[in-house]
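Encoded as structure tokens, the structure appears first; notes follow it.
Nothing in this text is a laboratory measurement; each read-out follows from the coordinates by a stated rule. Just so it is clear, the model here is predicted, and its values are computed rather than measured. Every residue, glycine among them, receives a Cβ derived from its backbone with ideal geometry; neighbour counts consider all protein chains shown.
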Amino acid sequence: MPGGVLPGGVLPGNVLPGNVSAGNVSAGNVSAGNVSAGNVSSGDVPRGGDPESEVSTPGQFASFGVIGPRILLFGVLAAGGCTLDLLSKSWAFDRIGNLRVQQGTVHPPIWIFGEVFGIDTNLNEGALFGIGQGQGVIFCIMSVVAAAGILFWLFAAGAAKDLHLTVSLGAVTGGILGNLYDRLGLHGLTWAEGVPERQAGAPVYAVRDWLHFKIDAVGFDWPIFNLADCLLVCGAVLLVWHVFSHHD
């Protein structure tokens, strides 16, 4: 071969495997057979022309590109749902009143659809739809534990990367907070005279309910409920649907 030069301009014997760096030999001067994949390390070749550049990992994307907006979404659902629940309960009790509390004048129920669905008021010292009457302290503790568990699951364990979980747990949290507010007596209601086993003027530690659904023709009378109960049920249904829709 003339002049002892190999094709591509590389002298035989002058280039050994492992001695060619990406910065010393341009593409086209070294044939694919002269440099093996193991002789040039990935650290010697800059990515995108910038040796300082960083490539985002899925974890980094989840942390900064997804979790932030999901926190906002969760906060809007939880705080918004709780606020709507509290405002609606205050309006109903101001509008209708209740015989068991001292404040306000008592009025008849307001029926929106015949005498099937309407606005009536009730004080619930139990859980959802009247379950567990008289166990308010236990339900307060359970509510706090549940809310803390949801926050940990979403934002410490990373479940907020799932939009469906964020929405459903945001609704559940709104319902938890709305009823917890009432169970702690923060609404300021006090018991009226003549309420069995209750001292007149004592704080009311009970949930305010105001939505009433019944069908007298068949003897059906659903326990009076509120928007917080609706949020809890809807959130729970979404969670169940999520579990079954992602079941392999």
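Odds and ends about this structure:
- The stretch 69-218 - Rg and Dmax from Cα coordinates, angstrom: 17.4, 53
- Among Leu169, Leu73, the ranking by other beta carbons within 10 Å of each residue's beta carbon, starting with the fewest, stands as Leu73, Leu169.
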